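*Asks:* Pasting in a structure now, in structure tokens, and then I'll have a few things to ask.
The values are calculated or read from the model by the stated rules, or taken from the named source; none is laboratory data. Keep in mind that this is a model prediction, so the values were computed, not measured. Positions of Cβ are generated from backbone atoms using ideal geometry, with glycine treated the same way; all protein chains shown enter the neighbour counts.
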Amino acid sequence: MIFTGFKRKSNQIFFKKTILDLLKNEHKIPFVEVKKVIIFLDANANRTSVLSVLTSMLKISESDIKVVIFQQKLRNEQRANEVITPKDFGWYGKIESEKLKNILTNKYDLLINYSKVDNLYLNLLLLQCKAAFKVGFAHLDKRLYDLMIRCESNERDLFNEELKKYLVILKIIP
């Protein structure tokens, strides 16, 4: 139990030390159109409604969208391949699980973080994920995103409307 706190603190130290280096050395991946998307969700988010909105908005199939759900503890009814927990991370920000290593090796055109709170483990993933364009809520860590939308985290419809508007303006989607 006490080691969980030490492990979290070691991950915080790793994040603070390496964020500036990783952001300086970050190479953006150019893309023509959105083909692969990754979404970060909280445990209480409605996965099916988020996917249906995104597939219609981005005009891509559901199979091109990778969903990552963060939970503090894994429940039996959840899909284990989509859910990540603090146990998937080792000491000093090391990725321990194979599913997270697979996520980090793939390249994505768009990353959308629907998480309501600033989460250390999702920030570690955001920092190491190879995405051409990253979007999140404005109350999260501004250094990790290319576009931040200012609205309450429970206003997902407004977030999606603004997201679509800005992606069209930036010519990321037609």
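*Asks:* Would you say residue 73 is more than 22 Å from residue 143 (Cα to Cα), at pLDDT 80 or above and assigned to a loop (DSSP other than H, G, I, E, B)?
*Replies:* no
*Asks:* Please indicate, with yes or no, whether at least one residue in region 44-59 is at pLDDT 85 or above, over 18 Å from the mean Cα position of the chain (by Cα) and either outside any helix (DSSP H, G or I) or on the phi > 0 side of the Ramachandran plot (or both).
*Replies:* yes
*Asks:* For region 86-103, how many residues are under 16 Å from the mean Cα position of the chain (by Cα) and loosely packed, with under 14 Cβ neighbours inside 10 Å?
*Replies:* So the answer is 2.
*Asks:* Still on this structure: Go through region 129-144 and report how many residues are within 10 Å of the chain's Cα centre (by Cα) and not hydrophobic (A, V, I, L, M, F, W, C).
*Replies:* Number of matching residues: 2.
*Asks:* Could you please tell me which pairs satisfy a Cβ distance under 6 Å, a separation of 6+ or placement on different chains, a first residue in region 91-107 that is on the phi < 0 side of the Ramachandran plot and in contact (Cβ under 8 Å) with a residue 60 or more places away in the chain, and a second residue that is part of a helix (DSSP H, G or I) and surrounded by 13 or more Cβ atoms within 10 Å (Cβ to Cβ)?
*Replies:* Cβ pairs passing all conditions: 91/7; 91/10.
*Asks:* Continuing with the same structure: Can you tell me how many residues within region 146-174 are buried (at least 19 other Cβ atoms within 10 Å of the Cβ) and assigned to a loop (DSSP other than H, G, I, E, B)?
*Replies:* Going through region 146-174 one residue at a time, the tally reaches 1.
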